[in-house]
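One structure, as structure tokens, below. Some questions next.
Derivation of every value follows stated rules applied to the coordinates shown; laboratory data play no part. Please read these numbers as outputs of a predicted model, since none were measured by experiment. Heads up, the Cβs are rebuilt from the backbone with ideal geometry, glycines too, and the neighbour counts pull from every protein chain shown.
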């Protein structure tokens, strides 16, 4: 049964153009062709990348972050509350106003206190600025490395690299889009390797990575507080994104894989499968273009870039503002207490009570 499935799965008419056979892709005359079994190497490569990333973030990204003045933040501990904790874990992390009202009554708290508890609880699970900088620094180094490698190996050489990016981000509005993108990218890279469409796979990788270098560097400077540098890098990223993913990708790569082959061949399975994945990526490019345009509007008209996909920063900054406000009010109360109570001599002459 397994042998029957294997023979069906590797049918030549599924994977190869009608004029090509698997025998044509066997090593001969000094030529070495890629083989599907090589993909097993991506598993140890993935674990190797995890190890490299750990040491990179610890010994390179962290010292670099500290040199930019980014400190490890100590999050304010929240007051334990069993009722709110159970609701947070088993119901929703974002309670509605009706939920907040009911929880406030049940816990004998004000609605404002419940809102602040949930906001603080959500912030407990979000990465701090140091962690975000480390992730952006790692991605910057990773994209830079494989972009340079792609340029080197594409130069008059039919070669492909198939590295599995270890994605460990935190949830955003485009979380589902990221999942679809990663699945499509992994499938596309694996398929292009197995069917020997190696130049197509390499071109797709480099077109994506060349813009991401600038995005991750912009994030690094944003977390470091270098707003002007961040804005400049984001403008460069936007320009490269639009050129690479909205011009080069559809009008060059997709044109060469979708339109040109029809002049020579009838559509076959791998032709349809390859281009279907490429079109999924193009739809995602248009989706992310919407977010980039929103961020560009903020950059040009508000002089500030903020990731519109997430409200993490808004909530965290709001919590910090509230804490600062409480500290200020506390100091004012202490001043009033010390000035009007313990040190009555500070009251101007003639103002003492008799």
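Restricting things to Cα coordinates, could you compute the convex hull volume per residue of the range 82-124 in Å³?
For the range 82-124, the hull spanned by Cα atoms encloses 60 Å³ per residue.
Where does each of 257, 82, 239 land when they are ranked from fewest to most other beta-carbon atoms within 10 angstrom?
82, 239, 257
Right, something else. Measuring from centroid to centroid over Cα atoms, what is the spacing of the range 1-67 and the range 181-211 in Å?
11 Å
Based on the Cβ-Cβ distance from residue 77 to residue 10, what FRET efficiency comes out when R0 is 45 Å, to the nearest 0.05?
0.20
Related question: How many percent of all Cα-Cα pairs in the range 13-123 sit more than 17 Å apart?
74 percent
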